[in-house]
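Single-structure report; data block below.
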Amino acid sequence: MSATRGWTEAEIARRVLADLWEGAYVNLGIGMPLLLNELLTPEMGIILHSENGILGMGPAPPPDRRDDDIVDAGKAHVTLIPGASVFHSADSFAMLRGGHLDVALLGAYQVSMRGDLANWKRPGQRIAGVGGAADISVGARRVWVMMRHLTRDGEPRLVRECTFPLTARGVVRRVYTDMAVVDVTPEGLRLAELAPGYTVADVVAATDAPLAVPESVGG
Amino acid sequence: MSATRGWTEAEIARRVLADLWEGAYVNLGIGMPLLLNELLTPEMGIILHSENGILGMGPAPPPDRRDDDIVDAGKAHVTLIPGASVFHSADSFAMLRGGHLDVALLGAYQVSMRGDLANWKRPGQRIAGVGGAADISVGARRVWVMMRHLTRDGEPRLVRECTFPLTARGVVRRVYTDMAVVDVTPEGLRLAELAPGYTVADVVAATDAPLAVPESVGG
Amino acid sequence: MIDKTVPSLEAAVQGLDDGMVVMVGGFGDSGTPHELLNAVLERGCRDLTIISNNAGDGDRGIAALILHHRVRKVICSFPTTAHNHAVREAVERGEVELELRPQGTLAECIRAGGAGLGGVLTPTGLDTELAEGKPVYELDGRRYVVERPLRADFALVRGWRADRWGNVVYRYAQQNFNPLMAMAGRCTVVQVDHVHEVGEIDPMHVHTPGIFVDRVVRVEREVRR
Amino acid sequence: MIDKTVPSLEAAVQGLDDGMVVMVGGFGDSGTPHELLNAVLERGCRDLTIISNNAGDGDRGIAALILHHRVRKVICSFPTTAHNHAVREAVERGEVELELRPQGTLAECIRAGGAGLGGVLTPTGLDTELAEGKPVYELDGRRYVVERPLRADFALVRGWRADRWGNVVYRYAQQNFNPLMAMAGRCTVVQVDHVHEVGEIDPMHVHTPGIFVDRVVRVEREVRR
């Protein structure tokens, strides 16, 4: 793939941002989703949840203002915005499992056409951490995934059936990749948007499951 | 019964107090147990729990210092002592159910020789409140009951088998009445102390279950 | 700018309609959203299911709703007080259905509802009338009553201070069921004495994070103590 | 006079012996009782079962205990980090048993242990490898994984401020698992930066009420931020 085609990770993050709204409560998973934290401004009114126990997470501080008691889910130093609150892990996951988060943004190894999510363990991996991913993905009102469309070896990550161990079944609603935005609907995958430089045929070829293409996108 | 025999309610409360210790966390049920609150002094170091969400409950305030947000389990105005904390009902009952309270003092209609407790409903009563009694009695490390030895009709309240609806099974460890202190042991009831003016025979006659009488008490 | 405050009690209970399940915080008079309850009464909805520790007192609060025939069912731990004949009489004449849950179970079931848990496994009430008709689950040789989680269409909550994002601080034992019900309401409405600008409440002092709160209404009250 | 403070880290972990189950608060470095962990290491106990969200980092904390062959089993949600080879290698050579629970399940199981509940009914992990071997319970047509409650002989907790009765206040996201583990330890030990006289902490600001705390030890630390 040429560097001039598709979205960079920062561009994927900006594309996700366009789908968020003022007043949305959003959880950012470790990895690509954490890029969002640096893009948000107070005026947007988007409130970030960090599962270690923060609502109202702000961007990284300058090095001289780092505080070990204010970290994100990836253990990186962050800040609290005005209106923030802190709480223990059971309350934090009550928010997640109880359906109080509007959006959870997660990274993934694979997503199936039925919205199954595999993002915690590679096949055959003996020791892996699951962290909050399983609770987040069963609990949030909308689970959106950010990932590259293909693996480094060129294998599709959007698949008929996940071959990686599952995190949760039937939970993903939308997937943002470097090539496209794809919705998971009750009828299967549906192309929502093409990244610049890619054609429908490119995305279909890079997707290992039937992909519905609405006329508005297929043009 | 003559007024010159046995313990008054205040005397029963004082008798209970003699069995408490510095550092004990104690829950007081509605009714007779709440008398304890007026007997405690800060020097005793006994910390009262009120199930509506107070640890470190103090005695009633003067009328001009009443605060509707500081009430006991009977909804009467109380105070907070230095070192008090407040919390919600789930945390409050986590303390109770989780075995963190050293002693729960409860009123009762009946207690059986196996420690079954009946204190929330009369037989045939259609509408009754249970409040926190059931959680408290399954959860506290020691459940002690304060009650009159006989009903108004002269019926024993210490019985082989409760005829009143149960609150919990096998939980009561000690019973303080106007006539005696009685322990509930794996072998059944055992007399621990006689109130002034009563004989072993009086208490045996007023108890509808076998009552072991140790030599030290039977004298 | 996110601002969850609403201008009136009427606006605070907008959408609370016939047949809904309504949680009401408070323990006796402490932490009870009396003004919100009055607004529900004025709104005129019927067939309500009320989840609350108590069932009002005299002719106030939930008792008023019962006396005005607005209530179909009450789920609580302690319905009756010396002065509350409303619920007793309504139950006796078959107008109101009463479901009793032990207080700690009630609290935990509300929390479970808000936390997305499937139920509560508790030793409370086991082998007594309090667990009649409820499933029992055995795990590792111990038996537990299975209690169902509780959620509500509306949770009516009383707090002390809130900011415009809905972060709430409760005053002393005002908490009781309020923070739990705030978690379990599909629409959670909080009446408070004071509204603050965002950032004025210390993050470490927040009892109910704003994510659980949909509406905040300030009610003028005389200062106590 | 009730005074739960102890004079040294050594006294704080007195009685923590071979074969015990030990909960360790913290999320990464945030709220982790490093000094208490060092005291456990110095104490020399073996065959420990550690319950914690993570399993240490590099050669510090829980990783140090693993590297010194003190740990038999780890129950956690996220054992591995880029710099933590200790737990991976110990598991791979069969020295340490690893039990993984999703983070929210882990938190809830600890709370259930402290709250006297029989288990947790959660949708998390259902029909995945994460629930392998665990019972599933169906209630009202929905299926839930049954997760067992967790308790510990010792809970090692890190707080910010405590008074002599053991009331604890945590600093910002230092809370994480700490308040839950405080509830679930048969002996709960809290290391804090500041010890206060009784009455100096506002009752409304207490995160962990003293009833859950057995020992408080002050650890001198440089002031951050």
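The values are calculated or read from the model by the stated rules, or taken from the named source; none is laboratory data. In this text the structure is predicted, and so the values were computed from the model without any measurement. All Cβ positions, even for glycine, are placed from backbone atoms using ideal geometry, and neighbour counts span all protein chains on display.
At-a-glance table
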{"read-out": "Of all residues in the stretch B:108-149 being in a loop (DSSP other than H, G, I, E, B) and of a type in the set (A, V, I, L, M, F, W, C), the one that is nearest to B:LEU17 (Cα to Cα)", "value": "B:MET147"}
{"read-out": "Filter result for A:ARG152 (in a strand (DSSP E or B) and at pLDDT 95 or above)", "value": "no"}
{"read-out": "Among (1) touching a His at 6+ places or on another chain (Cβ under 6 Å); (2) free of Cβ contacts under 8 Å to residues at least 12 places away in the same chain - the single one D:ASP57 does not satisfy", "value": "(2)"}
{"read-out": "Members of the stretch C:134-160 that are over 21 Å from C:THR49 (Cα atoms) and either hydrophobic (A, V, I, L, M, F, W, C) or at the interface with another protein chain (Cβ under 10 Å from one of its Cβ atoms) (or both)", "value": "C:PRO135, C:VAL136, C:TYR137, C:GLU138, C:LEU139, C:ASP140, C:ARG142, C:ARG143, C:TYR144, C:VAL145, C:VAL146, C:TRP160"}
{"read-out": "Filter result (touching a helix residue (DSSP H, G or I) at 6+ places or on another chain (Cβ under 7 Å), at pLDDT 95 or above and surrounded by 15 or more Cβ atoms within 10 Å (Cβ to Cβ)) within the stretch A:18-40", "value": "A:TYR25, A:ASN27"}
{"read-out": "Per-region count, the stretch D:3-16, residues over 14 Å from D:VAL195 (Cα atoms) and either of a type outside the set (Asp, Glu) or surrounded by 15 or more Cβ atoms within 10 Å (Cβ to Cβ) (or both)", "value": "7"}
{"read-out": "Strands (runs of 3 or more DSSP E) lying entirely in the stretch C:145-218 (those with 1 or more residues that are under 30 Å from D:GLY141 (Cα atoms))", "value": "C:152-158, C:185-192"}
{"read-out": "Residue satisfying all of: in the stretch B:119-139; in contact with an Asp or Glu (Cβ under 9 Å, 6 or more places away or on another chain) and over 17 Å from B:LEU34 (Cα atoms); nearest to the other protein chains (Cβ to nearest Cβ) among these", "value": "B:ASP135"}
{"read-out": "Residues located in the stretch C:110-127, provided they are touching a helix residue (DSSP H, G or I) at 6+ places or on another chain (Cβ under 7 Å), more than 17 Å from A:MET95 (Cβ to Cβ) and assigned to a loop (DSSP other than H, G, I, E, B)", "value": "C:GLY119, C:PRO123, C:THR124, C:GLY125"}
{"read-out": "Residue that is charged (D, E, K, R) and within 13 Å of chain B (Cβ to nearest Cβ), where the choices are C:GLU89, C:GLU42", "value": "C:GLU89"}
{"read-out": "Residue satisfying all of: in the stretch C:1-48; part of a strand (DSSP E or B) and touching a residue at least 40 places away in the same chain (Cβ under 8 Å); farthest from the chain's Cα centre (by Cα) among these", "value": "C:THR5"}
{"read-out": "Breaking point among (1) at pLDDT 95 or above; (2) out of contact with any Lys or Arg (no Cβ under 8 Å at 6 or more places or on another chain); (3) hydrophobic (A, V, I, L, M, F, W, C), for A:VAL217", "value": "(1)"}
{"read-out": "Helices (runs of 4 or more DSSP H) enclosed by the stretch A:1-107 - at least 1 residues per element that are within 14 Å of chain C (Cβ to nearest Cβ)", "value": "A:89-97"}
{"read-out": "Test: residue in the stretch C:128-149 that is in contact with a Cys (Cβ under 6 Å, 6 or more places away or on another chain), surrounded by fewer than 24 Cβ atoms within 10 Å (Cβ to Cβ), of a type outside the set (Asp, Glu) and more than 25 Å from D:TYR170 (Cβ to Cβ)", "value": "yes"}
{"read-out": "Close pairs (6 angstrom Cβ cut-off, 6 or more residues apart or separate chains): more than 7 Å from chain A (Cβ to nearest Cβ) in the stretch D:71-83, among the acidic types (Asp, Glu) and assigned to a strand (DSSP E or B) anywhere", "value": "D:LYS73/D:GLU97; D:ILE75/D:GLU99; D:THR81/D:ASP57; D:HIS83/D:ASP57"}
{"read-out": "Count - residues of the stretch A:191-217 that are in a strand (DSSP E or B) and either more than 20 Å from A:LEU17 (Cα to Cα) or more than 20 Å from the chain's Cα centre (by Cα) (or both)", "value": "3"}
{"read-out": "Some residue of the stretch D:90-101 being basic (Lys, Arg) and in contact with a Gly (Cβ under 9 Å, 6 or more places away or on another chain)", "value": "yes"}
{"read-out": "Residues of the stretch D:93-109 satisfying the condition of being in a helix (DSSP H, G or I) and under 17 Å from D:THR49 (Cα atoms)", "value": "D:LEU106, D:ALA107, D:CYS109"}
{"read-out": "Boolean, C:PRO209 is free of Cβ contacts under 8 Å to residues at least 12 places away in the same chain and either over 18 Å from C:VAL24 (Cα atoms) or hydroxyl-bearing (Ser, Thr, Tyr) (or both)", "value": "no"}
{"read-out": "Residue match in the stretch D:115-127 (condition: buried (at least 23 other Cβ atoms within 10 Å of the Cβ) and more than 7 Å from every other protein chain (Cβ to nearest Cβ))", "value": "no"}
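Yes/no per residue for (1) surrounded by 16 or more Cβ atoms within 10 Å (Cβ to Cβ); (2) more than 14 Å from the chain's Cα centre (by Cα); (3) among the polar types (S, T, N, Q):
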{"site": "B:ARG114", "(1), (2), (3)": "yes, yes, no"}
{"site": "B:VAL130", "(1), (2), (3)": "yes, yes, no"}
{"site": "B:ALA133", "(1), (2), (3)": "yes, no, no"}
{"site": "B:VAL143", "(1), (2), (3)": "yes, no, no"}
{"site": "B:MET147", "(1), (2), (3)": "yes, no, no"}
{"site": "B:GLU161", "(1), (2), (3)": "no, yes, no"}
{"site": "B:LEU166", "(1), (2), (3)": "yes, yes, no"}
{"site": "B:ARG169", "(1), (2), (3)": "yes, yes, no"}
{"site": "B:VAL172", "(1), (2), (3)": "yes, no, no"}
